[in-house]
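So the structure is just underneath, and the comments pick up after that.
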Amino acid sequence: MNKYLTLLAVATLSLTGCSDDDNNSQINTKNLTVDLQGLEDLGPDYAYEGWVMVNGTPVTTGVFTVDSAGSLSQTTFAVDSATLDEATAFILTIEPSPDPDPAPADSKYIAGAFTNDTASLTTDFGPAAGDFTNASGSYFLRTPTDETGGVNNGNDTNGVWFGLPGMPPTADFNLPTLPAGWIYEGWVIGDSGPISTGTFIDFSDRDSGNGFSGTQNNAGPPVPGEDFFNNLPAGESLPFSVVGRNVVITVEPVPDNSPAPFTLKPLASIAGSTTAPSSQSFNNNVSNSFPTGSVSR
């Protein structure tokens, strides 16, 4: 009997040792708490991922999603204590889901440096999208893609172009040059929803799309924009006037999680009836559309 009691005691000590190791593993983690407002639902194919920077190396803190009401699926994440203590900054990225790459995506959304145990997050830190505090710009109503020989057909309220009118039109955006992972996109809000005018990086060049433009001068001017004459989405009718509609410039992630406008809308304006050679000014829309918040450790 003593032999069996001894074996039982050894087994008990062995099990107790395993429990202690598990507890020690738990003791060596600390909580990172995320407090963010204004994040959008990325849909089923994308998710947010947090990262802390430790000696110049990103270390993941975990993945979460956001529902249609803006609520985060998770706000507290257990992170290795030493890693979290040594972290100098936090970065939030937009990642494909499932994610085939363990490294951070190019679309680094908002970020911030730790001051003591808190980091306030903005787009204006490190590798994030940039500083939009003083974002500004102009647009004008004109329809150059249905003009032949420079003859104005009197329907200039059917088109919108970003910049200042002239011969040729010129850009006047006060917007940052975007890092990899982001691109600008123009929009006009139609009767049935947002209509993209195309994506662009260079303010002084044509954008990616002219799917609605006229056929007389299909290239259009050397600035982003669109005329609305052909192939309009279902629910829109001709003639399509831009007057009274919301004109918006967004910052979109690359790859884009949705065909709809992304959360970042630095410039927006309700178009008036004034046409070229006059221009209209965008309003700074950063405080109304950009996410805010912080993380703490």
Close pairs (8 angstrom Cβ cut-off, 6 or more residues apart or separate chains): without any contact (Cβ under 8 Å) to a residue 12 or more places away in the chain in segment 116-130, hydrophobic (A, V, I, L, M, F, W, C) anywhere = Asp124/Phe132
Restricted to segment 208-244 and to residues being within 14 Å of Tyr139 (Cβ to Cβ) and aliphatic (A, V, I, L, M), the residue modelled with the lowest pLDDT is Val223
Given the conditions (1) of a type outside the set (A, V, I, L, M, F, W, C); (2) surrounded by fewer than 20 Cβ atoms within 10 Å (Cβ to Cβ); (3) under 20 Å from the mean Cα position of the chain (by Cα); (4) on the phi < 0 side of the Ramachandran plot, and given that Gly70 satisfies all but one, which numbered condition is not satisfied?
-> (4)
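The rows are residues; the columns are (1) in a loop (DSSP other than H, G, I, E, B); (2) at pLDDT 95 or above.
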{"position": "Ala9", "(1), (2)": "no, no"}
{"position": "Thr12", "(1), (2)": "no, no"}
{"position": "Leu15", "(1), (2)": "no, no"}
{"position": "Asp20", "(1), (2)": "no, no"}
{"position": "Thr33", "(1), (2)": "no, yes"}
{"position": "Leu36", "(1), (2)": "no, yes"}
{"position": "Leu39", "(1), (2)": "yes, yes"}
{"position": "Pro44", "(1), (2)": "yes, yes"}
{"position": "Glu49", "(1), (2)": "no, yes"}
Residue in segment 272-279 that is among the aliphatic types (A, V, I, L, M), under 30 Å from Asn116 (Cα atoms), modelled with pLDDT of 95 or more and assigned to a loop (DSSP other than H, G, I, E, B) present | no
Of everything in segment 135-176 that's of a type in the set (Ser, Thr, Tyr) and closer than 14 Å to Thr215 by Cα, which residue is surrounded by the fewest Cβ atoms within 10 Å (Cβ to Cβ)?
-> Thr148
Mind listing just one residue for me: the one in segment 177-222 that is small (Gly, Ala, Ser), touching a Lys or Arg at 6+ places or on another chain (Cβ under 8 Å) and in a loop (DSSP other than H, G, I, E, B) and, of those, surrounded by the most Cβ atoms within 10 Å (Cβ to Cβ)?
-> Gly220
Tell me, yes or no, whether segment 237-249 has at least one residue that is touching a Pro at 6+ places or on another chain (Cβ under 8 Å), surrounded by 14 or more Cβ atoms within 10 Å (Cβ to Cβ), touching a residue at least 60 places away in the same chain (Cβ under 8 Å) and in a strand (DSSP E or B).
-> yes
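May I ask you to say which residue of Asn284, Asn257 is of a type outside the set (Lys, Arg) and either surrounded by fewer than 20 Cβ atoms within 10 Å (Cβ to Cβ) or more than 28 Å from Trp182 (Cβ to Cβ) (or both)?
Asn284
Yes or no, residue by residue, for (1) in the same structural domain as Thr177 (by TED's automatic domain parsing); (2) farther than 16 Å from Ser296 by Cα; (3) in contact with a Ser or Thr (Cβ under 8 Å, 6 or more places away or on another chain); (4) loosely packed, with under 14 Cβ neighbours inside 10 Å:
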{"position": "Val54", "(1), (2), (3), (4)": "no, no, yes, no"}
{"position": "Ala82", "(1), (2), (3), (4)": "no, no, no, yes"}
{"position": "Thr88", "(1), (2), (3), (4)": "no, no, no, yes"}
{"position": "Phe114", "(1), (2), (3), (4)": "no, no, yes, no"}
{"position": "Asp124", "(1), (2), (3), (4)": "no, yes, yes, no"}
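For residues that are in a loop (DSSP other than H, G, I, E, B) and among the small types (Gly, Ala, Ser), scanning just segment 110-149, find the one that is nearest to Val188 (Cα to Cα).
Step one: filter segment 110-149 for residues in a loop (DSSP other than H, G, I, E, B), giving 114, 116-117, 121, 123-135, 137, 142-143, 147-149.
Still in the list and also among the small types (Gly, Ala, Ser): 126, 128-130, 135, 137, 149.
On the way: Gly126: 31, Ala128: 26, Ala129: 23, Gly130: 24, Ala135: 19, Gly137: 16, Gly149: 28 Å.
The selected residue is Gly137.
The values are calculated or read from the model by the stated rules, or taken from the named source; none is laboratory data. Since the structure is predicted, the reported quantities are computational estimates derived from the model, not experimental observations. Positions of Cβ are generated from backbone atoms using ideal geometry, with glycine treated the same way; all protein chains shown enter the neighbour counts.
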